[in-house]
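This report concerns only the one structure given below.
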Amino acid sequence: MSRKPRIKDPKAVEIIKALNIDTDQYDKFMSHEGVVARTIMLDRQLKGIIKKAPDTVVVNVGAGFDNRFPRVDNGRIYWFDLDLPDAIAARRSRT
């Protein structure tokens, strides 16, 4: 973990630890930087949409272990995470 993270997602850290995922096998630059860049970009875009429509409904299709909601929640949006039954079951077992 970085000492100066650009994204703070304690739930992701918790999930990686709980699942005992070995991240050493991934290219530190391409994998990590790609995820960080996409996350920042999508968070910004979604925050812009929520700013324009503060009571919006978000349906996160293929949610997996995505934890975007706490980073973008304005206290008014409605958020639904959808995925296949096994992914939702795994997600629920980690909450």
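Given the options Ile7, Ile49, Ile21, name the one that is surrounded by 12 or more Cβ atoms within 10 Å (Cβ to Cβ), farther than 15 Å from Pro70 by Cα and either among the hydrophobic types (A, V, I, L, M, F, W, C) or touching a strand residue (DSSP E or B) at 6+ places or on another chain (Cβ under 6 Å) (or both).
It is Ile49.
Among the residues of segment 25-46, what is the count of those that are touching a residue at least 12 places away in the same chain (Cβ under 8 Å) and of a type in the set (Ser, Thr, Tyr)?
Qualifying residue count, segment 25-46: 1.
If a residue has to be surrounded by 14 or more Cβ atoms within 10 Å (Cβ to Cβ) and in a strand (DSSP E or B) to count, how many in segment 54-95 make the cut?
Final tally of qualifying residues: 4.
Among (1) farther than 19 Å from Arg92 by Cβ; (2) surrounded by 11 or more Cβ atoms within 10 Å (Cβ to Cβ), where does Glu14 come up short?
With (1) farther than 19 Å from Arg92 by Cβ; (2) surrounded by 11 or more Cβ atoms within 10 Å (Cβ to Cβ) applied to Glu14, the lone miss is (1).
Report yes if Lys51 is assigned to a helix (DSSP H, G or I), more than 18 Å from Ile7 (Cβ to Cβ) and basic (Lys, Arg), otherwise no.
Yes.
If only one of Val58, Val72 is more than 15 Å from Lys11 (Cα to Cα), touching a helix residue (DSSP H, G or I) at 6+ places or on another chain (Cβ under 8 Å) and of a type in the set (A, V, I, L, M, F, W, C), which one is it?
It is Val58.
Can you pull out the residues in segment 24-36 that are surrounded by 10 or more Cβ atoms within 10 Å (Cβ to Cβ) and not in a loop (DSSP other than H, G, I, E, B)?
Scanning segment 24-36 gives Ser31, His32, Glu33, Gly34, Val35, Val36.
Every number here is computed from the coordinates shown, using simple stated rules; none is lab data. In this text the structure is predicted, and so the values were computed from the model without any measurement. Using ideal geometry, Cβ is built from the backbone for each residue, glycine included, and neighbour counts are taken over all protein chains shown.
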